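Peer 1: The structure is given below, and queries will be raised subsequently.
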Amino acid sequence: MKGKVLINLFLVALVLGLGLWMTTKPGNEGGPLTRLSTLKADDVKVIRVMRDGIPEIVLERAGKRWKQTAPFAARTDGSQAGRLLELLAAQSQQSFPAENLARFGLDKPFARVIVGTQEFAFGTQNTLTQEQYVLTGDRVHLVPPVFAYGLPTRADSLATHMLLAEEDIPVRLELPGVTLAQKDGKWTRSTDTTEKSSQDDLTRWAEEWRFASSLATQPIDAEPKGEPVRITLRDGRTIDLVIVSRAPELVIARKDEKLRFVFAADKAASLFAPPKTEP
């Protein structure tokens with residue numbers, strides 16, 4: 001019995017001592033949260049991401065939108081840039097002088113992000129709190145790991161995977177063997193078949209193209225060859241596509257953007273044939 005009491009007292013003293021050490025160790029601010037940056041997200045025009053294993057990714061603001069300019073030009077989802085801009089609002093309760101960086105994994109950071117004029121370098125995680133060591137300026141901060149989890153892992157991670165932009169609304173689809181056209185808000189198909197497609201079927205077919213999202217987005221250097229597809233948009237613009245292959249993957253090239261969008265092979269079924277209405 002006495003032994004158990006002594007063990008319990010020892011454990012209590014150990015916990016209290018650890019807590020005291022955590023609150024008094026050098027470099028630990030331990031008080032109010034400190035924001036890592038004073039920059040405003042609206043003032044940032046360029047974001048650069050450098051990470052081991054992938055080429056440098058550059059995002060540039062174009063008006064109210066962002067575009068990717070390296071390693072290849074592409075549209076980008078605004079939410080992707082928004083996640084990187086959240087670094088400016090990151091807060092830390094613990095920080096350390098930028099000394100002996102190797103112990104934080106910051107002598108060779110696995111990733112660096114330059115948001116406007118401020119650089120953030122990412123090191124290892126704290127094994128106790130799972131927080132991330134991030135170097136910016138002359139301080140090493142502990143921040144939630146979500147900022148590291150959101151960093152791109154592939155060259156096309158920040159490039160759009162949407163075949164059409166949000167504002168690209170099709171009114172005519174010239175597909176292999178069939179043309180869909182919208183007039184007065186209703187879709188019709190050019191070919192006569194024994195199969196009848198309802199208006200809902202045709203609308204869903206057109207929307208398969210409007211909202212088609214690829215597994216990967218890749219740059220192309222040469223003129224793509226394959227089956228042509230032409231999409232006419234509500235604003236009068238046309239987009240010329242090329243079906244490069246249907247198997248083992250469906251690959252559709254967008255000539256104006258010099259990009260190819262890679263889909264699973266079974267995506268062809270919904271893009272090149274109307275969906276069937278359930279009986």
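Peer 1: Looking at Gly123, Gly150 in this structure, which one is modelled with pLDDT under 95 and either under 20 Å from Asp77 (Cβ atoms) or within 22 Å of the chain's Cα centre (by Cα) (or both)?
Peer 2: Details: Gly123 fails: modelled with pLDDT under 95.
The unique qualifying residue is Gly150.
Peer 1: Ok, one more. Across region 235-264, what is the total count of residues that are surrounded by fewer than 18 Cβ atoms within 10 Å (Cβ to Cβ) and under 13 Å from His161 (Cβ atoms)?
Peer 2: Residues in region 235-264 being surrounded by fewer than 18 Cβ atoms within 10 Å (Cβ to Cβ) and under 13 Å from His161 (Cβ atoms): 1 in total.
Peer 1: Does region 81-99 include one or more residues that are outside the structural domain of Phe261 (by TED's automatic domain parsing), in contact with a strand residue (DSSP E or B) (Cβ under 8 Å, 6 or more places away or on another chain), over 22 Å from Thr34 (Cβ atoms) and buried (at least 19 other Cβ atoms within 10 Å of the Cβ)?
Peer 2: Scanning region 81-99, I find at least one residue that is outside the structural domain of Phe261 (by TED's automatic domain parsing), in contact with a strand residue (DSSP E or B) (Cβ under 8 Å, 6 or more places away or on another chain), over 22 Å from Thr34 (Cβ atoms) and buried (at least 19 other Cβ atoms within 10 Å of the Cβ), so the answer is yes.
Peer 1: Filter region 44-61 for residues that are of a type in the set (Asp, Glu) and modelled with pLDDT of 95 or more; which is nearest to Ala74 (Cα to Cα)? Can you show your working first?
Peer 2: Filtering region 44-61 down to residues of a type in the set (Asp, Glu) leaves 52, 56, 60.
The next check asks that each one be modelled with pLDDT of 95 or more; those that pass are 56, 60.
Working: Glu56: 14, Glu60: 11 Å.
Looking at residues that are of a type in the set (Asp, Glu) and modelled with pLDDT of 95 or more, I get Glu60.
Peer 1: Does any residue of region 182-195 turn out to be over 17 Å from Leu271 (Cα atoms), of a type in the set (Val, Ile, Thr) and assigned to a strand (DSSP E or B)?
Peer 2: Taking every residue of region 182-195 in turn, none turns out to be over 17 Å from Leu271 (Cα atoms), of a type in the set (Val, Ile, Thr) and assigned to a strand (DSSP E or B).
Peer 1: Of the numbered conditions (1) modelled with pLDDT of 90 or more; (2) outside any strand (DSSP E or B); (3) not charged (D, E, K, R), Thr232 fails exactly one; give the number of that condition.
Peer 2: Unmet condition: (2).
Peer 1: Any idea which residue in region 211-230 is surrounded by the fewest Cβ atoms within 10 Å (Cβ to Cβ), counting only those that are β-branched (Val, Ile, Thr) and free of Cβ contacts under 8 Å to residues at least 60 places away in the same chain?
Peer 2: Looking at the filtered set, the residue picked out is Ile220.
Peer 1: Of the numbered conditions (1) in the same structural domain as Phe72 (by TED's automatic domain parsing); (2) touching a residue at least 24 places away in the same chain (Cβ under 8 Å), Thr160 fails exactly one; give the number of that condition.
Peer 2: Status for Thr160: all satisfied but (1).
Peer 1: May I ask you to say which residue of Leu202, Leu215, Leu135 is closer than 25 Å to Leu36 by Cα and at pLDDT 90 or above?
Peer 2: After ruling out the rest, the residue left standing is Leu135.
Peer 1: Considering only residues that are buried (at least 16 other Cβ atoms within 10 Å of the Cβ), in contact with a Gly (Cβ under 9 Å, 6 or more places away or on another chain) and touching a residue at least 24 places away in the same chain (Cβ under 8 Å), which ones fall in region 38-79?
Peer 2: Leu39, Ala41, Val44, Ile47
Peer 1: Considering every residue within region 132-145, establish whether at least one is among the polar types (S, T, N, Q), surrounded by 15 or more Cβ atoms within 10 Å (Cβ to Cβ) and within 16 Å of Val58 (Cα to Cα).
Peer 2: No, region 132-145 has no match at all.
Peer 1: Is one or more of the residues making up region 118-141 of a type in the set (Lys, Arg) and in contact with a Lys or Arg (Cβ under 8 Å, 6 or more places away or on another chain)?
Peer 2: Restricting attention to region 118-141, the residues satisfying the condition of being of a type in the set (Lys, Arg) are 139.
Okay, now just the ones that are also in contact with a Lys or Arg (Cβ under 8 Å, 6 or more places away or on another chain), so none.
No, the conditions are met nowhere in region 118-141.
Yes/no matrix, rows are residues, columns are (1) outside any loop (DSSP other than H, G, I, E, B); (2) aromatic (Phe, Trp, Tyr); (3) assigned by TED's automatic domain parsing to the domain that holds Asp43:
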| position | (1), (2), (3) |
| --- | --- |
| Thr129 | no, no, yes |
| Tyr133 | yes, yes, yes |
| Glu174 | yes, no, no |
| Thr179 | yes, no, no |
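Peer 1: Got a sec? Which of Leu85, Leu101 is in contact with a helix residue (DSSP H, G or I) (Cβ under 6 Å, 6 or more places away or on another chain), under 24 Å from Pro152 (Cα atoms) and either modelled with pLDDT of 95 or more or of a type in the set (Ser, Thr, Tyr) (or both)?
Peer 2: Of Leu85, Leu101, the one residue that is in contact with a helix residue (DSSP H, G or I) (Cβ under 6 Å, 6 or more places away or on another chain), under 24 Å from Pro152 (Cα atoms) and either modelled with pLDDT of 95 or more or of a type in the set (Ser, Thr, Tyr) (or both) is Leu85.
Peer 1: How many residues does region 237-253 hold that are over 16 Å from Glu208 (Cβ atoms) and not small (Gly, Ala, Ser)?
Peer 2: Count: 8.
Peer 1: Looking only at region 173-192, count how many residues are over 17 Å from Phe211 (Cβ atoms) and either touching an Asp or Glu at 6+ places or on another chain (Cβ under 6 Å) or in contact (Cβ under 8 Å) with a residue 24 or more places away in the chain (or both).
Peer 2: Going through region 173-192 one residue at a time, the tally reaches 3.
Peer 1: Looking only at region 160-191, which residues are crowded, with 17+ Cβ neighbours inside 10 Å, over 21 Å from Glu227 (Cα atoms) and of a type in the set (A, V, I, L, M, F, W, C)?
Peer 2: If the condition is that a residue be crowded, with 17+ Cβ neighbours inside 10 Å, over 21 Å from Glu227 (Cα atoms) and of a type in the set (A, V, I, L, M, F, W, C), then Trp187 is the only one that fits.
The values are calculated or read from the model by the stated rules, or taken from the named source; none is laboratory data. Values in this document were obtained by computation on a predicted structure and should not be read as measured data. Cβ: placed from backbone, ideal geometry, glycine included. Neighbour counts: every protein chain shown.
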